[in-house]
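See below for the structure under consideration.
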Amino acid sequence: MELIHTVAELRKYLRGVPNNVFVPTMGNLHEGHLRLVEEAAPRGACTVVSIFVNRMQFGPNEDFDRYPRTLADDCKKLESIDCDVVFAPDEKELYPEAQTYSVVPGDIEGILEGAVRPGHFRGVATVVLKLFNMVQPKAAVFGKKDYQQCLVLKNMVQQLALPVEIILAETVRAEDGLALSSRNQYLTDEQRAEAPRLYRVLNELKHALLHGTHAYATLEAEAMTELARHGWKPDYVTVRRRADLQPPSAAEKELVVLAAAKLGSPRLLDNVEVELA
Ligand code: PAF
């Protein structure tokens, strides 16, 4: 496995390997990331993982400074699976000058996560486009845990005609259902014990939808109340249509229920897809 820090070295290394599959990450890797790499490996001749904590996608009061940076540990984990290249640039390498050009995702950037974290998806799309230009992958793998991010990036690839196939991988969960996330380590023991409720509440809502309930607003309000009763501060629990994350009509079959809520200071995200008959 090669550890590469500069774009020049990366381009030199990849010159003879056009058929690569890419997994962009911010490091602090857990089982969920490793599954993305395992998803990537059989699809190309070379698997490239980037590790870069992207300041541009963090708000001024978010956790950019304390986001865990664990490159040595991450490399050990990647060494034990099928990863060929780790690209770990520093900020000067990724942003050698002030980034005045950016990718503007359109309507989707203002809803849900975008409403709570203004500018977040602009930051994500811009860094991913830059990374795509550096790595030039034939495909890239992202986790459905960040559902809105997946849609933003799929739309970007489609609208900008980028020659990259976007592969979406299922969310990896702990045995009690909690979606794996680097931010889970901010949870105290007590919060960690409470945290699986988010997935349970989403599944209860899914169950109601599968039983024919179309009263989305009532179901959403009940789910938010249930979370609040157990000490959560929900930003949203909402039923959306999968294609564009807009509110669905009663005839819509392909749904996703998305939630984001604070448990103390950690903020957790999760979602479940629902396919109506
Ligand atoms: O999902 C993430 O870890 C980040 O948003 C990404 C895609 C690596 C861009 O910084």
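Any read-out appearing in this document is the output of simple, stated calculations on the displayed coordinates, not a laboratory observation. Keep in mind it's a predicted model, so treat the numbers as computed, not measured. Every residue, glycine as well, gets a Cβ built from its backbone with ideal geometry; the counts of neighbours run over all protein chains shown.
Charge dipole (Cα centre; +1 on Lys/Arg Cβ, -1 on Asp/Glu Cβ; no other charges) of the chain amounts to roughly 360 debye. Placing unit charges on the Cβ atoms only, positive for Lys and Arg and negative for Asp and Glu, gives segment 1-96 a dipole magnitude near 260 debye about its Cα centre.
Dividing the helix sum by the residues of the chain, where each DSSP H run of 4 or more adds -39500 (n - 2.57), gives a mean residue ellipticity at 222 nm of -10500 deg cm²/dmol. Whats the longest run of the chain with zero trypsin sites (Lys or Arg not before Pro) that are DSSP loop and have at most 11 other Cβ atoms within 10 Å? In the chain, the maximal stretch lacking such sites is 67-252. Add +1 for every Lys or Arg and -1 for every Asp or Glu among the other residues with Cβ under 10 Å from the Cβ of Glu252, and state the total. Local charge sum for Glu252: +3. Around the amide H of Val274, modelled in the peptide plane, lie the amide H atoms of Leu255, Val256, Val257, all under 5 Å away and 5 or more residues distant in sequence or on another chain. About its Cα centre, segment 134-199 has a charge dipole of approximately 300 debye under the convention of +1 per Lys or Arg Cβ and -1 per Asp or Glu Cβ, with nothing else charged. Projecting the Cα positions of His207, Pro234, Ser182 onto the charge dipole of segment 129-237 (unit charges on Cβ atoms of Lys, Arg, Asp and Glu, taken about the Cα centre) puts Ser182 furthest along the positive direction. Each Lys or Arg adds one and each Asp or Glu takes one away; over the other residues whose Cβ falls under 11 Å from the Cβ of Phe142, this sums to +1. Of the cross-linked pairs Lys76/Lys144; Lys206/Lys253; Lys12/Lys77; Lys77/Lys130, those separated by over 18 Å at the C-alpha level are Lys76/Lys144; Lys12/Lys77; Lys77/Lys130. Within the shell of other residues whose beta carbon sits under 15 angstrom from the beta carbon of Val21, the net charge comes to -2, with Lys and Arg scored +1 and Asp and Glu -1. Which of the chymotrypsin sites (Phe, Trp or Tyr not before Pro) across segment 177-241 are loop residues per DSSP, with 11 or fewer other Cβ within 10 Å? Those that pass, being in a loop and sparsely packed, number zero. Inter-part distance, segment 1-61 to segment 130-197, computed on C-alpha centroids, equals 13 Å.
Compared with the dominant Cα axis of the chain, that is its longest principal axis, helix 120-135 is turned about 30°.
Kirkwood hydrodynamic radius computed over segment 142-267 comes to 15.9 Å, based on all pairs of distinct alpha carbons.
Sequence-ordered 3J(HN,Hα) estimates for segment 95-101 from the Karplus curve with 6.51, -1.76 and 1.60 and θ = phi - 60° stand at 10, x, 9, 4, 7, 9, 9 Hz, glycine and proline given as x.
To check you understand DSSP bridge types, tell me what percent of the beta bridges within the chain (both residues inside) are antiparallel, rounded to 5. The answer is about 50 percent antiparallel.
For the chain, the longest principal axis of the Cα atoms and the long axis of helix 31-40 meet at an angle of about 60 degrees.
Every Cα-Cα pair of segment 27-70 was included, and the share exceeding 14 Å stands at 59 percent.
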